[in-house]
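The structure appears right after this line, and notes come after that.
The values are calculated or read from the model by the stated rules, or taken from the named source; none is laboratory data. Since the model is a prediction, treat every value here as computed from it, not as a measurement. Ideal geometry is used to build each Cβ from the backbone, glycine not excepted, and the neighbour counts take in all protein chains shown. Only protein heavy atoms, including side chains, enter the accessible area calculation; ligands, DNA and RNA are left aside. Shrake-Rupley method; radii C 1.70, N 1.55, O 1.52, S 1.80 Å.
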Amino acid sequence: MKKSLINYLGLLGILSLISYTAAVVFSPLAYPGYDWKSQAVSDLSATNAPSLGLWHQLNSLYLVCGILSATLCCIFVAGHLTRTLRLGIYLFAVMTWVSGVGYAIFPLSNRGYGDKLQDVMHLYLVTPLTVILSILSLVLIMVGGYYQKQYLSLAVCASIAFTLMLVGAIGTGAAPKEIFGVFERFSVFAATGFNAVLGVHLLLGFNGN
């Protein structure tokens, strides 16, 4: 199949992952005393975090590229694939909007948790919505992909992302605080990584396995 511009724009999903990974890996260099094993990624972008400036620089492509890639996937698959797969991809795109815009509007005011409105919205509105939408979208993609064997690779990637998200959710709640950050990163990279997977499938025209 001859690729169009919208297919090549699937590369934006990969750029989004690279930008986010760079921010998570290198922003701690500007945050003296930051312990990635025990602290959340959100601490790096807290309003009073010393790493905030570097975070914004390294993370500059994450939001716009991630949202564009997921949205373009929705446009491309409209009228194609199965209804279950399409709905899963649509919900995943909604999740990228909620997550990207929500966390940008309501960053943490302080390391861990403050007592301001933005902290409440960050932890008790944006985060639950992001988790719920992520789980629903991945489950639908898994069901649709395994049912329609042509998209088995997409279902397998969704299964991996779902497993990582589940491990992250359980780990952050049950693991000692000293390794909270380790499990939290399972969750955040599961969603960002799967967005890159969708971008690759868009690049390939969602041709299946």
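Report yes if some residue within region 95-115 is open to solvent by 50 Å² or more (accessible area, probe 1.4 Å) and among the acidic types (Asp, Glu); otherwise report no.
Yes, region 95-115 contains at least one residue that is open to solvent by 50 Å² or more (accessible area, probe 1.4 Å) and among the acidic types (Asp, Glu).
How many residues, within region 1-10, are surrounded by fewer than 17 Cβ atoms within 10 Å (Cβ to Cβ) and in contact with a helix residue (DSSP H, G or I) (Cβ under 6 Å, 6 or more places away or on another chain)?
Residues in region 1-10 being surrounded by fewer than 17 Cβ atoms within 10 Å (Cβ to Cβ) and in contact with a helix residue (DSSP H, G or I) (Cβ under 6 Å, 6 or more places away or on another chain): 1 in total.
Restricting attention to region 144-156, and to residues there that are touching a Gly at 6+ places or on another chain (Cβ under 8 Å) and crowded, with 16+ Cβ neighbours inside 10 Å, which single residue is nearest to Leu198 (Cα to Cα)?
Result: Leu154.
Just name the residue that is farthest from the chain's Cα centre (by Cα) out of those in region 38-83 that are closer than 19 Å to His122 by Cα, surrounded by fewer than 19 Cβ atoms within 10 Å (Cβ to Cβ) and free of Cβ contacts under 8 Å to residues at least 40 places away in the same chain.
Out of the qualifying residues, it is Leu52.
Going through Leu129, Leu125 one at a time, which residue ends up being open to solvent by 60 Å² or more (accessible area, probe 1.4 Å) and either of a type in the set (Lys, Arg) or without any contact (Cβ under 8 Å) to a residue 24 or more places away in the chain (or both)?
After ruling out the rest, the residue left standing is Leu125.
Looking only at region 185-201, how many residues end up being basic (Lys, Arg) and open to solvent by less than 20 Å² (accessible area, probe 1.4 Å)?
Adding up the residues that qualify gives 0.
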